[in-house]
Protein chains: 2
Amino acid sequence: MRAVGVIVEYNPFHNGHAFHLQKAKEATDADIMIAVMSGNFLQRGEPALVSKWTRTKMALAAGVDIVFELPYPFATQKADTFANGAVSILTAAMCHSLCFGSEDGDVSAFHATDYFLKKHDHQLQIKIKQHMKAGVSYPKAVANALQTISTNEKLIDLSKPNNMLGYQYVSAVQEQKSSMHICTIKRQNADYHDEQFSSETIASATSIRKALFSKMENTEIIKQYVPISTYHYLMKYKQLYGDFHQWENYWPFLKFKLLQSTAKQLKHIYEMEEGLENRFLSAAEEANSFYQFIEKIKTKRYTWTRLQRASVHLLTNTQKEEMMMHGKTAEYLRLLGFSKNGKTYLNKMKHQFHLPLISKLSSFKSEKIALDIRASKIFALSSRKLLKEEFSHPPIFYDKRTQI
Amino acid sequence: MRAVGVIVEYNPFHNGHAFHLQKAKEATDADIMIAVMSGNFLQRGEPALVSKWTRTKMALAAGVDIVFELPYPFATQKADTFANGAVSILTAAMCHSLCFGSEDGDVSAFHATDYFLKKHDHQLQIKIKQHMKAGVSYPKAVANALQTISTNEKLIDLSKPNNMLGYQYVSAVQEQKSSMHICTIKRQNADYHDEQFSSETIASATSIRKALFSKMENTEIIKQYVPISTYHYLMKYKQLYGDFHQWENYWPFLKFKLLQSTAKQLKHIYEMEEGLENRFLSAAEEANSFYQFIEKIKTKRYTWTRLQRASVHLLTNTQKEEMMMHGKTAEYLRLLGFSKNGKTYLNKMKHQFHLPLISKLSSFKSEKIALDIRASKIFALSSRKLLKEEFSHPPIFYDKRTQI
């Protein structure tokens, strides 16, 4: 059996994701589709719209065969750490190839860029630092630095967010000496950050979330951009748990945490560096919403994403020393769900997996998974039902005939 | 000028308190009435119904001339620590006498009891420990132990809550070699813990609070038990800040704090002893309200009050080492409010005060007051307006002609 791996957040799953899955399967001639998916908190430092369980169901309904959780120490991090965690999981699960979406869509350009960057690493690092000192963002600084070194090779444009992420995957595959083949699919329409709907069937997850939170718009508008299964799961979630998740729901808790903490205590929190703790403390007393809070502390140096990530770590009380316990690669495969085909693959291949496979939380007694559990508890603050699920929810077995 | 001191919580101020003030003034022939009052969190480990500022106004409207805050490290503690803090403040403010309410009402019996207890201390401690081991509460154990030693002296019944507290005041006066005279007034009707109204004009603060939180009863019912000024301040508070304060309002924050903490971290919290941290952690996930939470961890050994106090310290993140920084007596006099007479007294006497007088928080740069500030921030979580007041509120000057 040949498995292709994808690295996803599915916040929520939409037609663009479905397109990618279909193309990935075609391009790699795979029988099995494995997704490694962020848990309840995401790379940009945000709570997911709906829990990882519901997002797993969306993925399985759309043809993914196995969903593993990308653990918290990788999911809420900068692109390189995120990529290393995800690649290590797909490699450990014996994926034949890794397929990601990108603005570029040309796999040889990714390989060339990786080779080129490694070759000129020292020279580039100096130039990147210069650009960043001048106030340019990291992706932009890398792109600018690249332009200053002439080459005949066709390199990718690293200022595009999905190219940058893809490059990190390729780099992680190299670094980890993973045997996975690389495949990339050109993304259709919709930029990552688009807030408006711009096509008839493809929309960014950002614009879909915006529509879901909008009090003005009818949520039915998203129907044209997501599979019907996604739509049903979203509506069912709202009905069961009362609401979708967003930062503002957690703001009172973040504020409380800040009001009861000293600067010295905050310094132990991961990503709380360079006096950020004092900015957090003074902004907390003034701000009346999470949006206002971040607006108050945002600078050129502290981007919105960086501040959101620090806020997530504060919310989950993630200490620096806890993060340091984790290496650059994952330590377990937490199974969130599987299809019938996925089950066959697991039964056949699990003995060859490089990492322990966790189906039941209670059977994995290790401090290594503590941050995942804490993050789920905090995510579930709003709902006791949700809180219980972290401990009692079995991996989802998705059978086409019976579910939704 | 002759000042009489009272030790109060005024949660809220009622006719019983007014009766005590009048009798205290008569009995001591004082021109000035000074109250030392708990801040926003009280001795039984509860948030006060309304902020310390509003409770100060109630006191001034009822004839108190000066209100000092009993700092957090004394206000949220067992009777002996509470008493020592309060007595040290009244002594530092040059009070001529201390007057408290008690079930007994006979000052010579208090002196006799204090003398007797100190004389037989060793013998009594052994017996008290025996009774407590058998599962009896501390006040009851003291009362039982006393009965086993025969004497001709008339001793007070220490199983009555106000006798016990009064005894602690008398004992603190002795210990601190305070020159204050002791005076006690027999309490009228209404037991401390009464939840029902049992007289026409005197009701316990407990029963008044119960009526205020009741959805069934009209709040007008309390009018007969409190001065009209108290009633107005209560109604104004509810209008300004939305609601009265009670534990259930803080429960989501306490739960969040527990969900994001490890047992090791909780052990640093004051009063978190003997494995209590593990009981707290497991109860937090199950409970849906503060009431449910305490019900789950309550045992003979861990009384409701003890658990509430530990919960307050957890809510304010009060560490053991922070509490240890404070001695047995207070370190400053935080002025919450004063009348015209109070102003004259302050002007005349403040140079003789044994402790620094704080009128403006910003002029007292000391870590010593950090816990008071943090407690007020946490208390004010529900309201930004309330939060600002801790820093900007000047002591209240109450002039009979202008206020309410």
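Computed from the coordinates by the stated procedures, all read-outs in this text should not be read as laboratory data. Remember, it's a predicted structure, so these values are computed and weren't measured experimentally. Methodologically, a virtual Cβ is constructed for each residue, glycine included, from the backbone with ideal geometry; neighbour enumeration extends over all protein chains shown.
Quick notes on this one:
- Loop-resident sites, region B:66-136, for trypsin sites (Lys or Arg not before Pro), counting at most 15 other Cβ within 10 Å (DSSP): B:LYS78
- Estimated [θ] at 222 nm from DSSP helical runs (n ≥ 4, -39500 (n - 2.57)) normalised by residues in the protein assembly as shown, nearest 500: -14500 deg cm²/dmol
- Counting only Cβ charges, +1 for Lys and Arg and -1 for Asp and Glu, the dipole size of the protein assembly as shown around its Cα centre is about 280 debye.
- Straight-line cross-link partners of B:LYS267 among the aspartates and glutamates, defined as a Cα under 12 Å from its Cα and at least 8 positions apart when in the same chain: B:GLU277, B:GLU321.
- Proximal lysines relative to A:LYS350, as straight alpha-carbon distance under 19 Å, when same-chain residues fewer than 8 apart are discounted: A:LYS340, A:LYS360
- Between identical copies, the spacing of A:GLU389 label points, each set 7 Å from Cα toward the C-beta atom, reads 4.0 nm from nearest to farthest.
- Charge dipole (debye, nearest 20) of chain A; +1 at Cβ of Lys and Arg, -1 at Cβ of Asp and Glu: 700 debye
- Cβ-vector label at 7 Å, B:MET1, separations to other copies in nm: 8.7
- Toward the positive end of the charge dipole of region B:247-324, with +1 on the Cβ of Lys and Arg and -1 on the Cβ of Asp and Glu, the farthest Cα among B:LEU258, B:GLN292, B:MET323 is that of B:GLN292.
- Long pairs among B:LYS78/B:LYS238; A:LYS129/A:LYS160; A:LYS215/B:LYS210; A:LYS296/B:LYS388, criterion Cα-Cα beyond 27 Å: B:LYS78/B:LYS238; A:LYS215/B:LYS210
- Taking Cα centre as origin and charging only the Cβ of basic (Lys, Arg, +1) and acidic (Asp, Glu, -1) residues, the dipole magnitude of region A:120-159 rounds to 180 debye.
- Rel. contact order, % - alpha carbon contacts under 8 angstrom, at least six apart, chain A: 23 percent
- Between region A:64-78 and region A:217-275, the Cα center-to-center distance that results, in Å: 17 Å
- 22 Å Cα-Cα threshold exceeded, pairs from B:LYS140/B:LYS320; B:LYS118/B:LYS140; A:LYS257/A:LYS298; B:LYS52/B:LYS385; A:LYS236/A:LYS343; A:LYS255/A:LYS320: B:LYS140/B:LYS320; A:LYS236/A:LYS343
- Dimensions (Å) - the protein assembly as shown, Cα atoms, principal axes, largest first: 101, 55, 49
- Label separation (A:LYS328 vs A:ASP31): 3.4 nm, computed from points 7 Å beyond Cα along the C-beta direction.
- Loop-located GluC sites (Glu not before Pro) in region B:211-273, at most 16 other Cβ atoms within 10 Å (DSSP): B:GLU217, B:GLU273
- Stokes-Einstein diffusion coefficient of region B:118-158, Kirkwood radius over Cα pairs, 37 °C, 0.692 mPa s, in µm²/s: 317 µm²/s
- Residue (of B:ALA48, B:ILE66, B:SER108) at the positive-pole extreme of region B:20-108, dipole from beta-carbon charges: B:ALA48
- Note on region A:118-192: Cα-Cα pairs beyond 17 Å make up 54% of the total pair count.
- Counts of other chain beta carbons within 10 angstrom of each beta carbon in peptide B:258-265 average 4.
- Stretching B:LYS177 away from B:TYR291 to a fully extended chain increases their span by 36.9 nm, per 0.36 nm per residue minus the current alpha-carbon distance.
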